[in-house]
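Colleague: Take this structure first; my questions come after.
The values are calculated or read from the model by the stated rules, or taken from the named source; none is laboratory data. Values in this document were obtained by computation on a predicted structure and should not be read as measured data. With ideal geometry, Cβ positions are generated from the backbone for all residues, glycine too; neighbour counts draw on all protein chains shown. These area figures cover heavy atoms from the full protein model, side chains too; ligands, DNA and RNA do not enter into them. Shrake-Rupley method; radii C 1.70, N 1.55, O 1.52, S 1.80 Å.
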Amino acid sequence: MITKRATGVLVAGVLTAALTGCSSDSGSGGGKGDGSYTVGVANFTLGGPYFNGMDKAIKAQAKKKDVEILSTDAGGDAAKLASNVEDLLSKDVDAVIISGGPLESAPAVLNSLKAAGKPAVLVDRKFRTGEYASWVGPDNEAIGKQNGEFLVERLPDGGKVALIKGGPADNSIGKARTDGVKGALESASGIELVEAPDFGNWSSDGGLTVMESLLAAHDDIDAVFCENDAMCLGAQRAVKDAGRTDKIVLAGVDGQAEALKAILDGTNYLVTGLNDADVIGSLGLDRTVEILDGEKPEKDTVVPSPRVTKENAEKYYDPEGNF
């Protein structure tokens, strides 16, 4: 069985770097002082494999550390997210990990936690406003840039590259990824970019539908970049159904197991940027415990996001992982 051997090394490296940092505003600890903690997890949504995998990773890491987890799902409703946090506070959790999904801010959530004196630890999504104790997540623009550089190398004579975005239009995570890939592609000669007019909504079915429309409108697409792997897996199906597998290559983001398997198997899915839900979820739980233990880790931690191709996919593929 192929295992994600590199994950432990990556986690250890990030933790070592994080522990060397110190921030005076890293947030107050709400722990009991005896190491027995109850941590709430406020998920904006568990509707996709990435966020579901992160929630599972937090729970798995908590089990290793004897931490009780109370997890909630707002079902994509910001008001429900706020009420879920109030419910968690009523149960006297020591801290809350927030997986904000596409939200740019959540003032009601952060204000409630601040008033209660409970640390807020953000995973993946860093809110634009509000006070929080710590954030653990990726550099999304850098992920897009490295995918764009890969496609430039893949298309030395130029070509047409289609871009599939998750949406909505103000989603800063998706925008950062697309800005990164566009920055690399626009600096190359002979590359034409085509942005899909519709959003793929971060899902495989959405990627399939958007790709079908792109294929109907453009018979000369050479490559596709998607803002996440789920959409790219759907796009790959559309390309296959259209009989153009040998003409079009795909690049995604996240390191979803199915995408890594497609890369490893030598399909036309050539590259992804690792944004591992297992790693970020685990680190988020570890960061929360550090804060509750009275430590002062760095406030913001950028998790490395290596480029994954067939040459190194075996290091990261884990068929039994949470994501």
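Colleague: Could you give each residue of segment 305-314 its phi-based ³J(HN,Hα) in whole Hz, using Karplus coefficients 6.51, -1.76, 1.60 with θ = phi - 60°, and x for Gly or Pro?
Modeller: After applying 6.51 cos²θ - 1.76 cosθ + 1.60, I find 10, x, 6, 10, 10, 4, 5, 10, 4, 4 Hz.
Colleague: Might you tell me the accessible area per residue for the chain, computed with a 1.4 Å probe and given in Å²?
Modeller: I get 41 Å² per residue for the chain.
Colleague: Ranked highest first by the average count of other Cβ atoms within 10 Å around their residues, in what order do 258-264, 164-170 fall?
Modeller: Averaged packing, sorted descending, gives the order 258-264, 164-170.
Colleague: Using mean Cβ contacts within 10 Å as the protection proxy, how do 116-122, 156-162 order, highest first?
Modeller: Sorting 116-122, 156-162 by mean packing, highest first, produces 116-122, 156-162.
Colleague: While we're looking at this one, here's another question. Can you show me the helix-derived [θ] at 222 nm for the chain, built from DSSP H runs with n ≥ 4 at -39,500 (n - 2.57) apiece and divided by the number of residues, rounded to the nearest 500.
Modeller: -13500 deg cm²/dmol
Colleague: Given the pairs LYS126/LYS315; LYS80/LYS118; LYS165/LYS315; LYS165/LYS240; LYS182/LYS315; LYS63/LYS299, which span a C-alpha to C-alpha distance of over 26 angstrom in this model?
Modeller: Over 26 Å Cα-Cα: LYS126/LYS315; LYS165/LYS315; LYS182/LYS315.
Colleague: Here is a further query. If I stretch the segment between ASP170 and ALA216 completely, what's the gain in nm (0.36 nm per residue apart, minus their alpha carbon distance), one decimal?
Modeller: So the extension gain works out to 13.9 nm.
Colleague: Sorting check: for 187-200, 224-237, 91-104, 55-68, which peptide has the highest mean count of neighbouring beta carbons within 10 Å, and how do the rest follow?
Modeller: Highest mean packing first, the order is 224-237, 91-104, 55-68, 187-200.
Colleague: May I ask you to derive the relative contact order of the chain, considering only C-alpha pairs under 8 Å and at least 6 residues apart, and to give it as an integer percent?
Modeller: So the answer I get is 24 percent.
Colleague: Got a sec? Charge dipole of the chain, +1 on Cβ for Lys and Arg, -1 for Asp and Glu; which of VAL302, GLY284, GLY48 is way out at the positive end?
Modeller: Value: GLY284.
Colleague: Report which label in [x] 20.0, 64; [y] 26.2, 100; [z] 19.1, 60 holds the value of Rg and Dmax of the Cα atoms in Å derived from the coordinates of this structure.
Modeller: For Rg and Dmax of the Cα atoms in Å, the calculated option is [x].
Colleague: Roughly how many percent of the accessible protein surface of the chain is carbon and sulfur, given a 1.4 Å probe and a whole-percent answer?
Modeller: C and S atoms contribute 48 percent here.
Colleague: Picking from SER213, GLY148, VAL93, whose Cα lies most toward the positive end of the charge dipole for the chain (charges on Cβ: Lys, Arg +1; Asp, Glu -1)?
Modeller: VAL93
Colleague: Quick one: grab the alpha carbon gyration tensor of segment 140-273, order the square roots of its eigenvalues as a ≥ b ≥ c, and give me rounded if a/c is under 1.5, else prolate or oblate depending on whether a/b is larger than b/c.
Modeller: Taking the square roots of the gyration eigenvalues as a ≥ b ≥ c, segment 140-273 is rounded.
Colleague: Now for a separate question. Taking amide hydrogens as modeled 1.01 Å from N in the peptide plane, which residues meet the under 5 Å criterion relative to VAL224, leaving out close sequence neighbours?
Modeller: Counting only residues 5 or more places away or on other chains, the set is ALA162, VAL249, LEU250, ALA251.
Colleague: Given contacts defined as C-alpha pairs under 8 Å and at least six residues apart, what's the relative contact order of segment 140-273, whole-number percent?
Modeller: Relative contact order of segment 140-273: 26 percent.
Colleague: In whole Hz and in residue order, list the ³J(HN,Hα) couplings for segment 123-136 that follow from phi through the Karplus curve 6.51 cos²θ - 1.76 cosθ + 1.60, θ = phi - 60°; x for Gly and Pro.
Modeller: 10, 6, 8, 9, 5, 6, 9, x, 9, 9, 7, 6, 9, 10
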